[in-house]
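Visitor: After the structure tokens below, expect a handful of questions from me.
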Amino acid sequence: IDRDLQLAQRAILYFDEVLQSHPNSEFGAKAKDFKIKALSMLASKENYIAHFYFIRDFYGSALSRYEEIIKNYPEQNLMTEALYGAAVSAYETKEFPKAKEYYQTLIIDYPNSREASKARSKLGSKL
């Protein structure tokens, strides 16, 4: 997580080229697997940084990182954590429309998640 992952970002472009050129080949299958691993590494690093800011009450910085996860890594199993962090961070920075949007998305799309429960307790009566 503490490594520079710019090479992973560049590698994804090459994996996409292979997938486009040889989608049904052995190379296409390997490129798909490696792309998934690279995206997972990038998403995990973004989440680590967002959490670092969040627990230190740097909500503006945390919010931008959580928004990156929501926008760029929706399939990385971090969505509930990112939506919760974004909702709380937006609320704490007084960006109430954003807080409400992230809160509602979390509650509607992931109603039984641990993060939805935490959000209801922390933000439910405030939004």
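The values are calculated or read from the model by the stated rules, or taken from the named source; none is laboratory data. If you're wondering where the values come from, they're calculated on a predicted model, not measured in any experiment. Note that each Cβ is placed from the backbone with ideal geometry, even for glycine, and that neighbours are counted across all protein chains shown. Only protein heavy atoms, including side chains, enter the accessible area calculation; ligands, DNA and RNA are left aside. Shrake-Rupley method; radii C 1.70, N 1.55, O 1.52, S 1.80 Å.
Visitor: Straight-line reach from Lys126: which lysines have Cα under 27 Å away, leaving out those fewer than 8 places along the same chain?
Guide: Lys71, Lys94, Lys98, Lys100, Lys118
Visitor: Quick one: if you take sqrt(5λ) for each eigenvalue of the C-alpha gyration tensor of the chain, what semi-axes come out, biggest first, whole angstrom?
Guide: They are 33, 16, 11 Å, listed largest first.
Visitor: Given charges of +1 on the Cβ of Lys and Arg and -1 on the Cβ of Asp and Glu, with all other atoms neutral, how large is the dipole of segment 35-83 about its Cα centre, in debye to the nearest 20? Don't skip to the answer; put the middle values down first.
Guide: On the way: 6 positive and 6 negative charges, 41 e Å.
Dipole magnitude for segment 35-83 comes out near 200 debye.
Visitor: For segment 23-49 and segment 73-127, what is the centre-to-centre distance using only Cα atoms, to the nearest Å?
Guide: Value for the Cα centre distance between the two parts: 26 Å.
Visitor: To the nearest 10 degrees, how steep is helix 96-109 against the longest Cα principal axis of the chain, on a 0 to 90 scale?
Guide: Roughly 70 degrees, rounded to the nearest 10.
Visitor: What nm value, rounded to one decimal, do you get for the distance between Ser61 and Asn77 when each label is placed 7 Å out toward the C-beta?
Guide: According to this spin-label approximation, the distance is 2.8 nm.
Visitor: Within segment 1-49, what whole-number % of the accessible surface is contributed by carbon and sulfur, with the 1.4 Å probe and all protein chains included in the calculation?
Guide: Of the solvent-accessible surface of segment 1-49, carbon and sulfur hold 55 percent.
Visitor: Of Ser25, Ser44, Tyr14, which is farthest on the positive side of the dipole of the chain, counting Cα position, with +1 on Lys and Arg Cβ, -1 on Asp and Glu Cβ, and the Cα centre as origin?
Guide: Ser44
Visitor: Then there is this: Which order do Ile49, Ile69 take when ranked by solvent-accessible area (1.4 Å probe, heavy atoms of all protein chains), largest first?
Guide: Ranked from most to least accessible, the order is Ile49, Ile69.
Visitor: Given the peptides 100-108, 112-120, arrange them by the average over their residues of other C-beta atoms within 10 Å, most packed first.
Guide: Packing order, densest peptide first, comes out as 100-108, 112-120.
Visitor: Relative contact order of segment 11-60, please, whole-number percent, based on alpha carbon pairs below 8 angstrom and at least 6 residues apart.
Guide: Working: 22 pairs, mean separation 15.2, N = 50.
The value is 30 percent.
Visitor: What's the magnitude of the charge dipole for the chain around its Cα centre, counting Lys and Arg as +1 and Asp and Glu as -1 at the beta-carbon? Answer in Debye, nearest 20.
Guide: Working: 18 positive and 17 negative charges, 76 e Å.
Roughly 360 debye, rounded to the nearest 20.
Visitor: What whole-number value in Å² describes the accessible area per residue of segment 24-127 for a 1.4 Å probe? Please report the intermediate quantities before stating the final value.
Guide: Values: 6230 Å² over 104 residues.
Using a 1.4 Å probe on heavy atoms only, each residue of segment 24-127 averages 60 Å².
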